[in-house]
1. Given labels modelled 7 Å from the Cα in the Cβ direction, how far is it in nm from VAL37 to CYS79?
2. Given VAL4, GLN30, ILE86, which one lies farthest toward the positive end of the charge dipole of the chain, if we put +1 on the Cβ of every Lys and Arg and -1 on the Cβ of every Asp and Glu?
3. For the range 14-25, what does the Karplus curve 6.51 cos²θ - 1.76 cosθ + 1.60, with θ = phi - 60°, yield as ³J(HN,Hα) per residue in whole Hz, taken in order and with x for Gly and Pro?
4. Please provide three numbers in whole Å: the alpha-carbon extents of the chain along the principal axes, with the largest listed first.
5. What list of ³J(HN,Hα) couplings, whole Hz, do you get for the range 53-61 from phi and the Karplus terms 6.51, -1.76, 1.60, once you set θ to phi - 60° and write x for glycine and proline?
Amino acid sequence: MENVRLNRQADEFRQIIESLSAVSESKAEQAKEDIQVLRHQNLTFTEDFQSERRDREAAQRRVAELEEEVSRLQREVKCLKLYCAIQYSTAAPPTPST
C-alpha cells in the first residue's frame, strides 16, 4: 500500500516537473523572441538617430553658409552705397536747361 502511494506521488512529481519544464521552455522561447524584437528596435532607433544627426549637421552647415552669404552681401551693399555717395558728391551739379 505504501509502495502504491509513493509511486503515485512520484508520478505526480514527474508531471509537475514536466509541466514546469514546458513552461520554462516556453518562457525561454518568448524571452528569445523578445530579445530579437528589442535588438531590432534598438537598431532602428540607432539608425534613425544617426540619420537625424546627419540631417541636423547638414542644416547647421547650410545655415552657416547662408549667414556668410548674407554677411558678404551686406558688405557689398555697403560698398555700393559708399561708391554711389562718392559718385554723386563729386559729380558736377546739373545745369538748368532753358
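Each value in this text was obtained by applying a stated rule to the coordinates, not by laboratory testing. Source: prediction; values computed, not measured. For neighbour counting, all protein chains shown are included, and Cβ atoms are generated from backbone atoms with ideal geometry for every residue, glycine included.
1. 6.4
2. Most positive-ward Cα: ILE86.
3. Taking θ as phi minus 60°, the curve returns 4, 4, 4, 5, 5, 5, 5, 5, 5, 5, 4, 5 Hz for the range 14-25.
4. Extents along the principal axes, in whole Å: 145, 22, 13.
5. Listing the rounded values in order: 4, 4, 4, 5, 5, 5, 5, 5, 4 Hz.
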